[in-house]
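Values in this text are rule-based calculations from the coordinates and carry no lab data. As the structure is a prediction and not an experimental result, all values here were calculated from the model. As a convention, Cβ positions derive from the backbone with ideal geometry for all residues, glycine included, and neighbour counts pool all protein chains shown.
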Amino acid sequence: MKTLSNSELITVWERGVCEHPLDRALILLSAYSCESADALARLDIASRDTRLIEMYTHLFGPDLHAFGHCPACKQPLEYTLSANKLLESVPAPNPEAFAVKSDSFSMQLRLPDTLDLRALAGCSDHESALKLLSERCVVEAMLDGAPVEPGTLSPQMIETVSSALEAANSRAEILLNLNCSACHHAWQVTLDIERFLWARLASTAKHLLHEVHTLASAYGWRESDILSLSTARRQAYVEMTCPTF
């Protein structure tokens, strides 16, 4: 993975601030990878999320700090997640294609990627989304020994594809078990690593820009010069300029 300078980190934030989370995930990954944007977009979602966790660790350390509210009593809750344990819980990616069979048909499927999820966002209802996903993720289909085009799958075959992909994706989901210390209510949430990483990166970028504003206003220094300072020296100047910062 690449090491981002302060200036590069702000540029990544600037590029992604108005983008859809799916595209934002690719912007984050492209900042840290030598792979093409097309190759990153074709990663299955579990592989994509694994890389996002690794990026978080590389940038901000091994712990993910989170907060939420108990759904039962609304008590605020803060908790810390171990990135290493999260990585252990993500399953190894499936082979490039995996088989689904019944008495009359067999299919080779691949897991959905970012391009598939982006295409599904344009569907108007659940049924059309399932059909489109089947068309995109079926590598090969055979019915009674004869090949079938993905766009002509029967409703039964579409349902089989949907169930197989749902099962595969559910294994890739990272579920967190939470417990409220106030009312002892227990519940599960799904980790959205893109949201975690983006929130932390955005907070860091805005803090850096605040430091730039403070020092540029006080000394007339250029942004590039301020961002090139070490963290300790930059913060020391900020404290001298604005003790309450």
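Quick look at the numbers
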| read-out | value |
| --- | --- |
| Förster radius 30 Å - calculated FRET efficiency between HIS213 and ASP63 (Cβ-Cβ, nearest 0.05) | 0.55 |
| Simple spin-label estimate for GLU88 and ALA119 in nanometres, 7 Å along Cα-Cβ | 3.8 nm |
| Contact order relative to length of the stretch 98-172, as percent, for alpha carbon pairs under 8 angstrom and 6 or more apart | 33 percent |
| J(HN,Hα) series, the stretch 74-88, from Karplus relation 6.51 cos²θ - 1.76 cosθ + 1.60, nearest Hz, glycine and proline x | 6, 5, x, 9, 10, 8, 10, 10, 8, 4, 5, 5, 5, 5, 5 |
| Qualifying trypsin sites (Lys or Arg not before Pro) in the stretch 1-80, DSSP loop, other Cβ atoms within 10 Å at most 13 | LYS2, LYS74 |
| Normalised contact order of the chain, rounded percent, pairs of Cα under 8 Å and 6 or more residues apart | 18 percent |
| 0 to 90° range, to nearest 10: angle between helix 155-172 axis and the chain longest Cα axis | 30 degrees |
| Karplus (6.51, -1.76, 1.60) ³J(HN,Hα), θ = phi - 60°, over the stretch 20-27, in Hz, Gly and Pro reported as x | 5, x, 4, 6, 5, 4, 6, 5 |
| 13 Å reach of a label modelled at GLU8, 7 Å along Cα-to-Cβ, counting backbone N of the stretch 187-212 | none |
| Cα extents of the chain along the three principal axes, largest first (Å) | 78, 48, 33 |
| Along the chain, longest interval not containing exposed GluC sites (Glu not before Pro), exposed being DSSP loop plus at most 16 other Cβ atoms within 10 Å | 97-172 |
| Gain on full stretching of the segment that runs from GLU166 to SER230 - 0.36 nm per residue minus C-alpha separation | 18.3 nm |
| Residue-by-residue Karplus 3J(HN,Hα) for the stretch 217-223, coefficients 6.51, -1.76, 1.60, Hz, glycine and proline x | 5, 7, 10, x, 6, 6, 4 |
| Equivalent ellipsoid semi-axes, the stretch 98-172, via Cα gyration tensor eigenvalues times 5, rooted, Å | 20, 14, 10 |
| Cut-off under 5 Å, modelled amide H: who pairs with GLU140 long-range | GLN108 |
